[in-house]
Amino acid sequence: MARPDLPSGNGGWQAIDATPQELSDGVYCAGPFPVNAVKNGDVTLPYDGPFIFAEVNADQVNWIRQADGSWYKMIVNEKIGKNISTKKASGAPMGNSARWRGRDDPDREDITHTYKFPEGSPEERAATLKANQASSKADIYQHGKEDVKFQLEDKDEIYVGSPFDCKLWVENQSSEERSVFVRLTALVVYYTGVVKTKVKTKGYKLKMPPNSSLSFKL
């Protein structure tokens with residue numbers, strides 16, 4: 001189905017669950033939610049993205065109580081969403097005697113790849129981490145050092161028809177050199193989040209010396 005209410009690229013197949021286990025705006029339903037958004041971890045789009053993402057690509061987090069009373073966290077990331085299936089469009093109906101014969105069933109069409117990248121791949125891990133940032137447990141994963149800070153300069157007033165620029169400040173707060181890639185993009189966007197057109201984009205790739213700062217302008 002078309003989704004003109006969403007940014008470009010989110011039309012097409014939508015995930016819908018008519019028998020969910022929790023309320024959505026007071027109703028037991030889930031979706032429609034773009035399958036492409038599930039794959040990329042864009043769970044902030046409507047509707048019910050976090051719930052649907054968790055159905056097919058969640059990580060299982062086990063908390064184990066240690067002898068000293070502390071808690072140990074064990075994350076299993078290859079258990080959920082291993083085989084996502086639908087009936088193959090063969091034209092033959094499934095009779096009452098039909099029985100599911102597992103992943104090798106001749107009537108099965110594997111659609112796992114449409115919902116997620118290969119399990120454990122860099123793309124799949126990036127989608128999971130992106131989805132996690134919108135959750136109530138955003139700190140569940142261990143992150144690398146966050147010693148490079150980014151600050152976009154705010155513009156108090158921009159008048160229609162007048163030129164303006166965007167400036168991004170980058171500061172390397174570490175005592176080591178850091179490789180930085182920055183891309184600034186200006187877009188015309190409707191209030192619904194749908195992109196109308198790209199105005200300008202520019203990328204920068206450089207190495208920043210320790211305890212240094214610089215700015216990029218678009």
Could you let me know the centre-to-centre spacing of the range 45-87 and the range 204-218, using Cα atoms, in angstrom? 37
Links that overshoot a 27 Å alpha carbon limit, given the list Lys116/Lys155; Lys137/Lys196; Lys82/Lys149; Lys39/Lys207; Lys39/Lys79; Lys88/Lys116: Lys116/Lys155; Lys137/Lys196; Lys82/Lys149; Lys39/Lys207
Starting from the 7 Å offset along Cα-to-Cβ, what nm value, one decimal, do you get for the label separation of Glu171 and Tyr159? 3.3
Could you give the length gained by full extension between His113 and Asn62, i.e. 0.36 nm per residue of separation minus their alpha carbon distance, to one decimal place? 15.7 nm
For the chain, with every protein chain kept in place, what is the accessible area per residue (1.4 Å probe, Å²)? 70
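Give me the percent relative contact order of the chain, please, defined on Cα pairs under 8 angstrom at least 6 residues apart. Write down the numbers at each step before the final one.
Values: 335 pairs, mean separation 33.1, N = 218.
RCO, the chain: 15 percent.
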As straight-line cross-link partners of Lys73, the qualifying aspartates and glutamates (C-alpha separation under 17 Å, not fewer than 8 residues apart within one chain) are Asp59, Asp139
How long, wide and thick is the range 1-58, going by the Cα atoms along their three principal axes, in whole angstroms, largest first? 30, 23, 17
Taking θ as phi - 60°, what are the ³J(HN,Hα) couplings along the range 118-133 by the Karplus curve (6.51, -1.76, 1.60), each to the nearest whole Hz, with x for Gly and Pro? x, 3, x, 6, x, 5, 5, 5, 5, 5, 5, 5, 5, 5, 5, 5
Grab the beta carbon distance between Met74 and Leu129, set R0 = 22 Å, and tell me the FRET efficiency rounded to 0.05. 0.80
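Once the mean 1/r over all distinct Cα pairs of the chain is inverted, what Kirkwood radius in angstroms do you read off? Display every interim value, and only then the final one.
On the way: mean 1/r = 0.0465 Å⁻¹.
For the chain, inverting the mean 1/r across all distinct Cα pairs yields 21.5 Å.
Using a 1.4 Å probe over the heavy atoms of the protein chains, calculate the carbon and sulfur portion of the accessible area of the chain as a whole percent.
53
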Counting only backbone N atoms under 16 Å from a point 7 Å out along Cα-to-Cβ of Asp147, the residues of the range 165-196 in range are 171-180
Need the full-extension length gain, Ser136 to Lys88, defined as separation in residues times 0.36 nm minus the C-alpha distance. One decimal, nm. 13.5 nm
Where in the range 117-160 does the label zone of Thr185 land, with the point 7 angstrom along Cα→C-beta and an amide N cut-off under 14 Å? none
In nanometres, what is the gap between the two model label sites at Ala54 and Lys205, each 7 Å from Cα along Cα-to-Cβ? 3.9
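The values are calculated or read from the model by the stated rules, or taken from the named source; none is laboratory data. What you see is a predicted model; the values in this text were computed from it and never measured. Note that we place each Cβ from the backbone using ideal geometry, even for glycine, and neighbour counts take in every protein chain shown. For accessibility, only protein heavy atoms count, side chains too; no ligands or nucleic acids. Shrake-Rupley method; radii C 1.70, N 1.55, O 1.52, S 1.80 Å.
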